[in-house]
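*Asks:* Take this structure first; my questions come after.
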Amino acid sequence: NAGVMQNPRHLVRRRGQEARLRCSPMKGHSHVYWYRQLPEEGLKFMVYLQKENIIDESGMPKERFSAEFPKEGPSILRIQQVVRGDSAAYFCASSLNYEQYFGPGTRLTVT
Amino acid sequence: GQQLNQSPQSMFIQEGEDVSMNCTSSSIFNTWLWYKQDPGEGPVLLIALYKAGELTSNGRLTAQFGITRKDSFLNISASIPSDVGIYFCAGQVFTSQGGSEKLVFGKGTKLTVNP
């Protein structure tokens, strides 16, 4: 089975542009989580989604960030009007029940 | 909010030595998980612990879920060069809807193994 897939692996955006990060969960997994990691730090939870539903978005910044997990297709994390502070590694994880499996991440650099 | 204190922050050991690292929290968790992250990659799940007091092994790795549900340790025996990486503990609570809640991560233990 393929693992969790994320693309792109690296993304460079200028300040003010939009960033779209994609995540395809493991086959059969219906739960998707997004985390952000700054250098030398652990991962910080952002949002938890099931198909077509946001379950917990307590870690998402109130502005500019949004996430979706449509009935068909990958989960999308969208960052509008990016700023330099958004530069980080963004990881997606999926689970069937309790164990979360992570993708390789998208490294976002805002110039 | 929930926080995990992971120690040590870094370790430098010789190949063949045993390693121990731990995590503590003021909060109770339903599950403790241990992950390893290599540079430029995502965390890889090593061990998951579900019951207080549970001791679980995976090859040279052994982890225990503390009896109070507020701590866990990970041991690596007879270290080898490919053990190099950053090890993270993560605590988790379950949702009332079923499925797993968000993971709360420690800051990681960076392991260096000298051949």
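The values are calculated or read from the model by the stated rules, or taken from the named source; none is laboratory data. Since we're looking at a predicted model, the values are computed, not measured. Glycine also receives a Cβ, built like all others from the backbone with ideal geometry; neighbour counts cover every protein chain displayed. Surface areas here come from the heavy atoms of the whole protein model, side chains and all, with no ligands, DNA or RNA. Shrake-Rupley method; radii C 1.70, N 1.55, O 1.52, S 1.80 Å.
*Asks:* So, in region A:18-37, of the ones that are aliphatic (A, V, I, L, M) and closer than 15 Å to A:Tyr98 by Cα, which residue ends up farthest from the chain's Cα centre (by Cα)? Lay out the reasoning, then the answer.
*Replies:* Going residue by residue through region A:18-37, those that are aliphatic (A, V, I, L, M) are A:19, A:21, A:26, A:32.
Going one step further and asking which of them are closer than 15 Å to A:Tyr98 by Cα, we end up with A:26, A:32.
Values: A:Met26: 14, A:Val32: 9 Å.
Ranking the candidates gives A:Met26 first.
*Asks:* Which numbered condition trips up A:Ser66, out of (1) within 13 Å of another protein chain (Cβ to nearest Cβ); (2) among the hydroxyl-bearing types (Ser, Thr, Tyr); (3) open to solvent by 40 Å² or more (accessible area, probe 1.4 Å)?
*Replies:* The number of the failed condition is (1).
*Asks:* Please determine, by comparing only the residues of region A:74-111 that are more than 14 Å from chain B (Cβ to nearest Cβ) and assigned to a loop (DSSP other than H, G, I, E, B), which one is farthest from A:Val32 (Cα to Cα).
*Replies:* A:Thr111
*Asks:* Right, here's the next one. Is region B:75-91 home to any residue that is under 11 Å from the mean Cα position of the chain (by Cα), surrounded by fewer than 20 Cβ atoms within 10 Å (Cβ to Cβ) and modelled with pLDDT of 95 or more?
*Replies:* So far as region B:75-91 goes, yes, one or more of its residues are under 11 Å from the mean Cα position of the chain (by Cα), surrounded by fewer than 20 Cβ atoms within 10 Å (Cβ to Cβ) and modelled with pLDDT of 95 or more.
*Asks:* Can you give me the number of residues within region A:33-42 that are open to solvent by less than 10 Å² (accessible area, probe 1.4 Å) and at pLDDT below 95?
*Replies:* First, the residues of region A:33-42 that are open to solvent by less than 10 Å² (accessible area, probe 1.4 Å): A:33-35, A:42.
Next, from what is left, pick out any that are at pLDDT below 95: A:42.
Number of matching residues: 1.
*Asks:* Scan region A:86-99 and tell me whether some residue there is touching a residue at least 40 places away in the same chain (Cβ under 8 Å) and of a type in the set (Phe, Trp, Tyr).
*Replies:* To start, the set of residues in region A:86-99 that are touching a residue at least 40 places away in the same chain (Cβ under 8 Å) comprises A:86, A:88-96.
Cutting the leftovers down to of a type in the set (Phe, Trp, Tyr) gives us A:90-91.
Within region A:86-99 (the criterion being touching a residue at least 40 places away in the same chain (Cβ under 8 Å) and of a type in the set (Phe, Trp, Tyr)), the answer is yes, since at least one residue qualifies.
*Asks:* Conditions: (1) over 30 Å from A:Leu108 (Cα atoms); (2) within 14 Å of another protein chain (Cβ to nearest Cβ); (3) in a strand (DSSP E or B). B:Thr62 meets all but one. Number of the miss?
*Replies:* That leaves (2) as the condition not met.
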